[in-house]
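Novice: Just dropping this structure here.
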Amino acid sequence: MDKQLPAESVGLVQPQTLHIEDPLPLDCGKQLDSYNLVYETYGELNADASNAILICHALSGDHHAAGYHSADDAKPGWWETAIGPAKPFDTNKFCVICPANLGGHNGSTGPGSINPKTERQYGPDFPVVTVRDWVRSQEVLRQKLGISRWAVVAGGSLGGMQVMQWAIDYPDKIGHALVIAAAPKLSAQNIAFNEIARQAIINDTDFHGGRYYDHDVVPRLGLMLARMLGHITYLSDEAMRAKFGRDLREGRINYGFDVEFQVESYLRHQGASFVDRFDANTYLLMTKALDYFDPAAEHDGDLAQAFKPASAKFLVVSFTSDWRFSPPRSREIVDALVDAGKTVSYAEIESDLGHNDFLMTLPHYVRTLSAYMSRVADEVNP
Amino acid sequence: MLRADLKIISDWMPAGARVLDLGCGDGTLLAHLQAEHRVQGYGLEIDPDNVVECVARGVNVLQLDLDAGLTQFEDNSFDFVLMTGALQEVQRPDQLIDEMLRIGRESVVTFPNFGHWKPRFTLALKGTMPVSRALPNRWYDTPNIHLCTVHDFENLCRNQHIDITRRHLVNHAHRSTWGMRMLPNLLGEIALYQLRRRSR
């Protein structure tokens, strides 16, 4: 007990819950009559509420972006590398807020929450939510917390998509948009990977049409397969080669179908540990939100036109080894922003790991973020 | 204090212009143009340290490789396209100049003049590759792969139907003299050109 937490961390944090009774209209035509938004904050809000940063999370993320829930926690929040005192999102200067998205697995209202109409878990009845729905709910959060406007909205991957949507939907409520390791829409290949993941879950005999909560089971194998597949797309070929090569667990080939190669063992471990902390219905919803995101669609595919209303200043970052949302996908965003005459900078970070590099502390990445954020800090009042 | 050649370019720039700076380095020129001429500028730069420097200065920088082409930029989408001191470092200067003229209504190119008497003298008499303040690298570690002279450059412009609307020669201290105006290829160390596609 009383383990010392790292000094460069925000330390012990506690999630907070905002219960909202005003209905939230959704893109699918349905609405949520009431809902909870669970979020964490790090750092103090200044007197004119102008130093707030909104952090948007990705597919498997949640509201716990930094710090520890207890001194015994093995791991800090998911973006501990970037959020904290003297880190790029400096909690000595900014008030960093990270909400969990609707439809999520352990915070804000989602498929595992109780539907007030039926008094049982939503399960498959939870409406399909979109990136735009999340942004709409985050705008409600902004109003309820009395934040004049976000100094910065930042996110990686699916989080970066929310950042773009913010800049388009609420241009006067966002100062800077940090779009990291994202894409303006999924490619057919991206959607194909998502579809296999969904099929794995839906066809698990324990899925019960999404009502597995009632049967006291979880579609373990399906969710595990989905995560194993996803995990391959988060890592580069080189990273896997470097980490596992063709190493054998027992040092020899056994001519069987049990785990033999180290990479198999690693993937099974990743899959299995994911099942313990994630919800299968949430996985289905998150992958759908990814598939549907395409802000250019309403403008005949013209992304520059979609960005026209935006007034935020943009920083776009990609990673050379990321093949899920590769640098050319980020360059599509940059080209559209330049076409639209927006203020934008773009950094392409030399990296080895793949998509997950946006959570790492690569020096060029950290220096770029820090240089950008220290300029933002000069704009806001202490 | 802005370097003298950059000061000259800056004087050529109308207020409020939309500017693309190819190989913008640490963003010195763009930062100056933004502050003094209210230009809306983007710089293209490949070196990560320079990219960070630009971000820290509040200059719009896009980390892109000039040799990968500029096809993503629309025709006539910029008032000015600049390239200061990067011409001799790119794979195909001729193609890049064509691209500059396509993207910008006006283009500005600067390069070290290999026809200056000092490099000529070094090569002719000492028989070694010239090293000077305008050409500081040695033959084996230089990023310069396409050095040219004022004559070479103007021949290229003639062949590619490019109009030279301004020319300015300076020495390594970025000063200009009467002699450089008379004998640009022999006495000018750094050449500055403003170019425009010849109307047909």
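Novice: I'm trying to understand the selection: among the residues of segment B:177-195, which are of a type in the set (Phe, Trp, Tyr), assigned to a helix (DSSP H, G or I) and within 17 Å of the chain's Cα centre (by Cα)? Steps first, answer last, please.
Specialist: Filtering segment B:177-195 for residues of a type in the set (Phe, Trp, Tyr) gives B:178, B:193.
Going one step further and asking which of them are assigned to a helix (DSSP H, G or I), we end up with B:178.
Within segment B:177-195, none qualify.
Novice: With the requirement that a residue be of a type in the set (Gly, Ala, Ser), in contact (Cβ under 8 Å) with a residue 40 or more places away in the chain and in contact with a helix residue (DSSP H, G or I) (Cβ under 8 Å, 6 or more places away or on another chain), what does segment A:289-306 give you? Talk me through it step by step, then tell me what you get.
Specialist: Step one: of segment A:289-306, the residues of a type in the set (Gly, Ala, Ser) are A:289, A:296-297, A:301, A:304, A:306.
Restricting the remaining residues to those that are in contact (Cβ under 8 Å) with a residue 40 or more places away in the chain gives A:289, A:296-297, A:306.
Residues satisfying the conditions are A:Ala289, A:Ala296, A:Ala306.
Novice: What single numbered condition from (1) of a type in the set (Phe, Trp, Tyr); (2) closer than 30 Å to A:Ser374 by Cβ; (3) away from every other protein chain (no Cβ under 14 Å) fails to hold for B:Phe111?
Specialist: It fails just one condition, (2).
Novice: On to the next question. Can you tell me which residue in segment A:312-332 is farthest from B:Gln34 (Cα to Cα), limited to those that are touching a strand residue (DSSP E or B) at 6+ places or on another chain (Cβ under 6 Å) and not in a helix (DSSP H, G or I)?
Specialist: Once the filter is applied, the top-ranked residue is A:Phe319.
Novice: Another question about this same structure. For a quick check of your reading of the model, give me the residue pairs whose first member lies in segment A:267-288 and is without any contact (Cβ under 8 Å) to a residue 40 or more places away in the chain, whose second is assigned to a helix (DSSP H, G or I), with beta-carbon atoms closer than 6 Å and at least 6 apart or on different chains.
Specialist: What qualifies is A:Leu267/A:Met228.
Novice: Further, regarding this structure: Inside segment A:210-230, can you point out the residues that are closer than 21 Å to A:Phe358 by Cβ and surrounded by fewer than 18 Cβ atoms within 10 Å (Cβ to Cβ)?
Specialist: A:Leu229
Novice: Can you name every residue in segment A:245-261 that is crowded, with 16+ Cβ neighbours inside 10 Å and within 26 Å of A:Asn194 (Cα to Cα)?
Specialist: A:Val259
Novice: Here is a list: B:Asp21, B:Asp79, B:Asp75. Which entry is among the acidic types (Asp, Glu), in contact with a Lys or Arg (Cβ under 6 Å, 6 or more places away or on another chain) and part of a strand (DSSP E or B)?
Specialist: Every option except B:Asp79 fails the conditions.
Novice: Of the residues A:Leu267, A:Leu221, A:Leu225, which single one is in a helix (DSSP H, G or I) and at pLDDT below 95? Break it down into steps so the answer makes sense when it comes.
Specialist: Details: A:Leu221 fails: at pLDDT below 95; A:Leu225 fails: at pLDDT below 95.
Among A:Leu267, A:Leu221, A:Leu225, only A:Leu267 is in a helix (DSSP H, G or I) and at pLDDT below 95.
Novice: If you check B:Asp5, B:Asp65, which single one turns out to be surrounded by 19 or more Cβ atoms within 10 Å (Cβ to Cβ) and of a type in the set (Asp, Glu)? Don't jump to the end; show me each part of the working.
Specialist: Details: B:Asp65 fails: surrounded by 19 or more Cβ atoms within 10 Å (Cβ to Cβ).
Of B:Asp5, B:Asp65, the one residue that is surrounded by 19 or more Cβ atoms within 10 Å (Cβ to Cβ) and of a type in the set (Asp, Glu) is B:Asp5.
Novice: On to the next question. In segment A:228-258, which residue that is in contact (Cβ under 8 Å) with a residue 24 or more places away in the chain and outside any helix (DSSP H, G or I) is farthest from A:His105 (Cα to Cα)?
Specialist: Filtering first and then ranking leaves A:Ser236.
Novice: Would you please name the residue that is nearest to the other protein chains (Cβ to nearest Cβ), looking only at residues in segment A:333-368 that are in a helix (DSSP H, G or I) and more than 21 Å from B:Asp49 (Cα to Cα)? Show your work before the answer.
Specialist: Step one: of segment A:333-368, the residues in a helix (DSSP H, G or I) are A:333-339, A:355-359, A:363-368.
Of the ones still in play, those that are also more than 21 Å from B:Asp49 (Cα to Cα) are A:333, A:335-339, A:355-356.
Values: A:Ile333: 11, A:Asp335: 5, A:Ala336: 10, A:Leu337: 10, A:Val338: 6, A:Asp339: 7, A:His355: 18, A:Asn356: 20 Å.
Filtering first and then ranking leaves A:Asp335.
Novice: Quick one: would you say B:Thr128 is polar (S, T, N, Q) and touching a His at 6+ places or on another chain (Cβ under 9 Å)? Let's see the steps before the verdict.
Specialist: Details: polar (S, T, N, Q): yes; touching a His at 6+ places or on another chain (Cβ under 9 Å): no.
No: the conditions fail for B:Thr128.
Novice: Being closer than 30 Å to A:Trp323 by Cα, among the aliphatic types (A, V, I, L, M) and at pLDDT 95 or above is the requirement here; does A:Ala74 meet it?
Specialist: Numbers: closer than 30 Å to A:Trp323 by Cα: yes; among the aliphatic types (A, V, I, L, M): yes; at pLDDT 95 or above: no.
For A:Ala74, the condition - closer than 30 Å to A:Trp323 by Cα, among the aliphatic types (A, V, I, L, M) and at pLDDT 95 or above - is not met.
Novice: Right, next: So B:Gln40 passes all but one of these: (1) modelled with pLDDT of 95 or more; (2) within 14 Å of another protein chain (Cβ to nearest Cβ). Which condition number does it fail?
Specialist: (1)
Novice: Of everything in segment A:34-57 that's part of a loop (DSSP other than H, G, I, E, B) and among the charged types (D, E, K, R), which residue is farthest from A:Val10 (Cα to Cα)?
Specialist: Restricting attention to segment A:34-57, the residues satisfying the condition of being part of a loop (DSSP other than H, G, I, E, B) are A:34, A:43-51, A:57.
Restricting the remaining residues to those that are among the charged types (D, E, K, R) gives A:44, A:48.
Values: A:Glu44: 12, A:Asp48: 23 Å.
Here the residue is A:Asp48.
Novice: Do we find that A:Thr109 is among the hydroxyl-bearing types (Ser, Thr, Tyr) and in contact (Cβ under 8 Å) with a residue 24 or more places away in the chain in this structure?
Specialist: Details: among the hydroxyl-bearing types (Ser, Thr, Tyr): yes; in contact (Cβ under 8 Å) with a residue 24 or more places away in the chain: yes.
When the stated conditions are applied, A:Thr109 passes them.
Novice: Return yes when B:Gly58 is within 14 Å of another protein chain (Cβ to nearest Cβ), in contact with a Cys (Cβ under 8 Å, 6 or more places away or on another chain) and at positive phi and no when it is not. Step through it out loud before you land on a result.
Specialist: Values: within 14 Å of another protein chain (Cβ to nearest Cβ): yes; in contact with a Cys (Cβ under 8 Å, 6 or more places away or on another chain): no; at positive phi: yes.
Considered against the rule, which asks whether it is within 14 Å of another protein chain (Cβ to nearest Cβ), in contact with a Cys (Cβ under 8 Å, 6 or more places away or on another chain) and at positive phi, B:Gly58 comes out as no.
Novice: A follow-up question, please. If you take the residues of segment A:295-306 that are crowded, with 17+ Cβ neighbours inside 10 Å and in a loop (DSSP other than H, G, I, E, B), which of them is nearest to the other protein chains (Cβ to nearest Cβ)?
Specialist: In the first step, residues of segment A:295-306 are kept if they are crowded, with 17+ Cβ neighbours inside 10 Å; the result is A:295-296, A:303-304, A:306.
Cutting the leftovers down to in a loop (DSSP other than H, G, I, E, B) gives us A:295-296.
On the way: A:Pro295: 19, A:Ala296: 15 Å.
Among residues in segment A:295-306 that are crowded, with 17+ Cβ neighbours inside 10 Å and in a loop (DSSP other than H, G, I, E, B), the one nearest to the other protein chains (Cβ to nearest Cβ) is A:Ala296.
Novice: Here are some conditions: (1) more than 24 Å from B:Cys24 (Cα to Cα); (2) touching a strand residue (DSSP E or B) at 6+ places or on another chain (Cβ under 9 Å); (3) surrounded by fewer than 15 Cβ atoms within 10 Å (Cβ to Cβ). B:Ala124 meets all but one. Which one does it not meet?
Specialist: (2)
Novice: Hey, can you tell me all the residues within segment A:127-164 that are basic (Lys, Arg) and assigned to a helix (DSSP H, G or I)?
Specialist: Our first condition is that a residue be basic (Lys, Arg); within segment A:127-164, this holds for A:132, A:136, A:142, A:144, A:149.
Selection gives A:Arg132, A:Arg136, A:Arg142, A:Lys144.
Novice: Restricting the first residue to segment A:10-22 and requiring it to be touching a residue at least 60 places away in the same chain (Cβ under 8 Å), which pairs with a second residue that is among the acidic types (Asp, Glu) and crowded, with 17+ Cβ neighbours inside 10 Å meet a Cβ separation below 6 Å and a spacing of at least six or different chains?
Specialist: Correct list of pairs: A:Val13/A:Glu40; A:Pro15/A:Glu40.
Novice: Only one of these conditions is not met by A:Pro309: (1) assigned to a loop (DSSP other than H, G, I, E, B); (2) free of Cβ contacts under 8 Å to residues at least 24 places away in the same chain. Which number is it?
Specialist: That leaves (2) as the condition not met.
Novice: Follow-up. Answer yes if at least one residue in segment B:12-31 is within 14 Å of another protein chain (Cβ to nearest Cβ) and either surrounded by fewer than 18 Cβ atoms within 10 Å (Cβ to Cβ) or of a type in the set (Phe, Trp, Tyr) (or both), and no otherwise. Walk me through how you get there before you give the answer.
Specialist: Our first condition is that a residue be within 14 Å of another protein chain (Cβ to nearest Cβ); within segment B:12-31, this holds for B:16-22, B:24, B:26-27, B:30-31.
Then drop every residue that is not either surrounded by fewer than 18 Cβ atoms within 10 Å (Cβ to Cβ) or of a type in the set (Phe, Trp, Tyr) (or both), which leaves B:16, B:18.
Yes, the conditions are met somewhere in segment B:12-31.
Novice: Would you confirm, using the coordinates I've provided, whether B:Leu96 is more than 21 Å from B:His174 (Cβ to Cβ), without any contact (Cβ under 8 Å) to a residue 12 or more places away in the chain, part of a helix (DSSP H, G or I) and away from chain A (no Cβ under 14 Å)?
Specialist: Numbers: more than 21 Å from B:His174 (Cβ to Cβ): yes; without any contact (Cβ under 8 Å) to a residue 12 or more places away in the chain: no; part of a helix (DSSP H, G or I): yes; away from chain A (no Cβ under 14 Å): yes.
No.
Novice: Does A:Asn92 count as outside any loop (DSSP other than H, G, I, E, B) and not aliphatic (A, V, I, L, M)? Before you say what the answer is, go through the steps one by one.
Specialist: On the way: outside any loop (DSSP other than H, G, I, E, B): no; not aliphatic (A, V, I, L, M): yes.
No.
Novice: If you don't mind, there's one more thing I want to ask. Please go through segment A:158-179 and pick out each residue that is buried (at least 24 other Cβ atoms within 10 Å of the Cβ) and of a type in the set (Phe, Trp, Tyr).
Specialist: Residue satisfying the conditions is A:Trp166 alone.
Novice: Could you please find all residues in segment A:309-332 being closer than 25 Å to A:Ile53 by Cβ, out of contact with any helix residue (DSSP H, G or I) (no Cβ under 7 Å at 6 or more places or on another chain) and away from chain B (no Cβ under 11 Å)?
Specialist: A:Arg329
The values are calculated or read from the model by the stated rules, or taken from the named source; none is laboratory data. Predicted model only: the values in this text are computed from it and were never measured. Here Cβ is always computed from backbone atoms with ideal geometry, including for glycine, and neighbour counts include all displayed protein chains.
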